[in-house]
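Student: Here it is, the structure in full.
The values are calculated or read from the model by the stated rules, or taken from the named source; none is laboratory data. Computed from a prediction, not measured in an experiment: that's the story for all the values here. Here the Cβ positions follow ideal geometry from the backbone for every residue, glycine too, while neighbour counts run over all protein chains shown.
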Amino acid sequence: MRQLAAHVALWQSIDRAELVAEVARRAPGARVLIQVNATGEPQKAGCPVEHTAALVDDARGLGLDVAGLMTVGPTDGTADPGPGFEAVRALVDRLGLTVCSMGMTDDLEVAVRCGSTMVRVGTALFGPRSAPAAVRN
């Protein structure tokens, strides 16, 4: 992180107090997105929905510019991403944030309908990729 801090315009996937403190120490005033685990999937990173407001407050208290929230829809491909996306959009609005980053190639239409302002479409651009060796089962 030390070598990257000066080159990052927007820190995404900030999901716990330790990361908030580390970014605040290495990149004071940095612009960040807090990652929310809106699906409750245990294999996913992200702050639980019910703890998100407190983490946003912590980040702001340490001088970070919390631009918004980000989330990833259900990874099993069968669950409806709508309820999780709606919950994150409601949090963005309640917390007075502007960025609502949610939706990837396979669920971007639902994300946009739910109010996403930023989507990640790597698979649409680059095609399917295999998981890194450390993640493969």
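Student: From the list ALA5, ALA67, ALA30, ALA21, which residue is surrounded by 14 or more Cβ atoms within 10 Å (Cβ to Cβ) and touching a Phe, Trp or Tyr at 6+ places or on another chain (Cβ under 7 Å)? So that I can check it myself, show each step before the final result.
Tutor: Details: ALA5 fails: touching a Phe, Trp or Tyr at 6+ places or on another chain (Cβ under 7 Å); ALA67 fails: touching a Phe, Trp or Tyr at 6+ places or on another chain (Cβ under 7 Å); ALA21 fails: touching a Phe, Trp or Tyr at 6+ places or on another chain (Cβ under 7 Å).
Going through ALA5, ALA67, ALA30, ALA21 in turn, just one is surrounded by 14 or more Cβ atoms within 10 Å (Cβ to Cβ) and touching a Phe, Trp or Tyr at 6+ places or on another chain (Cβ under 7 Å): ALA30.
Student: Run down ALA9, ALA45, ALA30 and say which single residue is free of Cβ contacts under 8 Å to residues at least 40 places away in the same chain and under 24 Å from THR75 (Cβ atoms). Spell out how you get there, then give the answer.
Tutor: Values: ALA9 fails: under 24 Å from THR75 (Cβ atoms); ALA30 fails: under 24 Å from THR75 (Cβ atoms).
Criteria check complete, one pass: ALA45.
Student: Considering only residues of region 75-90 that are out of contact with any helix residue (DSSP H, G or I) (no Cβ under 7 Å at 6 or more places or on another chain) and of a type outside the set (Gly, Ala, Ser), which is surrounded by the fewest Cβ atoms within 10 Å (Cβ to Cβ)? Working first, answer last.
Tutor: Keep residues of region 75-90 that are out of contact with any helix residue (DSSP H, G or I) (no Cβ under 7 Å at 6 or more places or on another chain), which gives 75-80, 83-84, 86, 88-90.
Remaining after also requiring of a type outside the set (Gly, Ala, Ser): 75-76, 78, 80, 83, 86, 88-89.
On the way: THR75: 12, ASP76: 8, THR78: 5, ASP80: 11, PRO83: 13, GLU86: 16, VAL88: 30, ARG89: 20.
Across region 75-90, the extreme among qualifying residues is THR78.
Student: Where residues in region 94-105 are surrounded by 14 or more Cβ atoms within 10 Å (Cβ to Cβ) and out of contact with any helix residue (DSSP H, G or I) (no Cβ under 6 Å at 6 or more places or on another chain), which of them is farthest from THR52 (Cα to Cα)? Give the derivation first.
Tutor: Going through region 94-105, the residues surrounded by 14 or more Cβ atoms within 10 Å (Cβ to Cβ) turn out to be 95, 97, 99-105.
Now drop any that are not out of contact with any helix residue (DSSP H, G or I) (no Cβ under 6 Å at 6 or more places or on another chain), which leaves 97, 99, 101, 104.
On the way: LEU97: 12, VAL99: 15, SER101: 15, MET104: 21 Å.
Top of the filtered list is MET104.
For every residue, the table says whether it meets (1) at pLDDT below 95; (2) in contact with a Ser or Thr (Cβ under 8 Å, 6 or more places away or on another chain).
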{"site": "ALA9", "(1), (2)": "yes, no"}
{"site": "ALA24", "(1), (2)": "no, no"}
{"site": "VAL32", "(1), (2)": "no, no"}
{"site": "GLU41", "(1), (2)": "yes, yes"}
{"site": "ASP58", "(1), (2)": "no, no"}
{"site": "GLU86", "(1), (2)": "no, no"}
{"site": "ARG94", "(1), (2)": "no, no"}
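Student: Shifting gears a bit: Just to be sure I understand, how many residues within region 33-42 are small (Gly, Ala, Ser) and either surrounded by 14 or more Cβ atoms within 10 Å (Cβ to Cβ) or in contact (Cβ under 8 Å) with a residue 60 or more places away in the chain (or both)? Full working, then the answer.
Tutor: Step one: of region 33-42, the residues small (Gly, Ala, Ser) are 38, 40.
When the remaining residues are screened for being either surrounded by 14 or more Cβ atoms within 10 Å (Cβ to Cβ) or in contact (Cβ under 8 Å) with a residue 60 or more places away in the chain (or both), the result is 38.
The qualifying residues number 1.
Student: Let me ask another. Against the condition touching a residue at least 12 places away in the same chain (Cβ under 8 Å) and either more than 20 Å from VAL119 (Cβ to Cβ) or buried (at least 16 other Cβ atoms within 10 Å of the Cβ) (or both), how does ARG60 come out, does it pass? Show your work before the answer.
Tutor: On the way: touching a residue at least 12 places away in the same chain (Cβ under 8 Å): no; either more than 20 Å from VAL119 (Cβ to Cβ) or buried (at least 16 other Cβ atoms within 10 Å of the Cβ) (or both): yes.
Criteria not met by ARG60.
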